[in-house]
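To start, the structure itself, in structure tokens.
The values are calculated or read from the model by the stated rules, or taken from the named source; none is laboratory data. Quantities reported herein were computed from a predicted structural model and do not represent experimental measurements. Ideal geometry is used to build each Cβ from the backbone, glycine not excepted, and the neighbour counts take in all protein chains shown.
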């Protein structure tokens with residue numbers, strides 16, 4: 001049995017995004033009864049995110065490093081997951097991905113070979129906490145990117161909430177077919193309308209990249225707009241003191 005493709009896709013994407021986020025050590029995240037994911041003898045584990053919400057889904061992510069070959073580490077987790085609901089194994093490029101359900105949580109172990117042995121991610125995500133009906137799915141979709149202005153036709157790729165010491169971080173990634181300057185003009189107007197002050201406005205690299213910084217009270221938002229492979233991307237990082 002294989003890990004369901006939709007779950008696998010957003011879990012892998014979330015882990016990749018966490019590598020790009022500064023400071024995801026929890027300050028005051030919601031308290032949850034996370035499942036205990038074991039590690040093989042001699043393996044080193046470390047926090048990537050004690051608490052993070054990726055597109056409204058609460059997650060907890062640890063990194064793992066082992067001097068044992070990937071086959072040995074994989075067998076350890078295969079044995080641990082074998083009797084759990086929905087257990088499955090998939091191969092995604094160089095990664096071996098094992099998954100199973102534990103109560104409200106989907107637990108995923110992502111492993112790949114490295115010169116030192118094995119590296120990977122241990123992920124627990126709350127994906128079974130709501131009734132999966134059309135209304136709940138619509139309400140969750142509406143929360144993704146909520147409050148961040150964007151031109152018509154834009155698509156929110158991800159909305160990530162994390163906690164640092166003394167502050168809450170939110171990173172929103174948006175893509176569309178609107179030029180860098182038009183995106184920047186739209187955001188300048190809309191953010192000011194929403195009560196933000198413009199602190200920085202720079203367009204560089206021949207108009208293919210724009211950097212904006214806004215402030216509202218004690219909140220700050222840094223926005224980068226760029227073109228990549230014919231598409232335009234907006235990355236907005238907002239910090240709010242707790």
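Of note:
- Subset of the range 140-175 (residues that are exposed (fewer than 15 other Cβ atoms within 10 Å of the Cβ), in contact with a strand residue (DSSP E or B) (Cβ under 7 Å, 6 or more places away or on another chain) and farther than 25 Å from residue 61 by Cα): 153, 155
- Strands (runs of 3 or more DSSP E) within the range 118-210 that include 1 or more residues over 30 Å from residue 34 (Cα atoms) and free of Cβ contacts under 8 Å to residues at least 12 places away in the same chain: 197-204
- Taken over the range 7-48, residues that are modelled with pLDDT of 90 or more and more than 22 Å from residue 76 (Cα to Cα) amount to 1.
- Within the option set 81, 59, being assigned by TED's automatic domain parsing to the domain that holds residue 107 and closer than 26 Å to residue 238 by Cβ holds for one residue only, 59.
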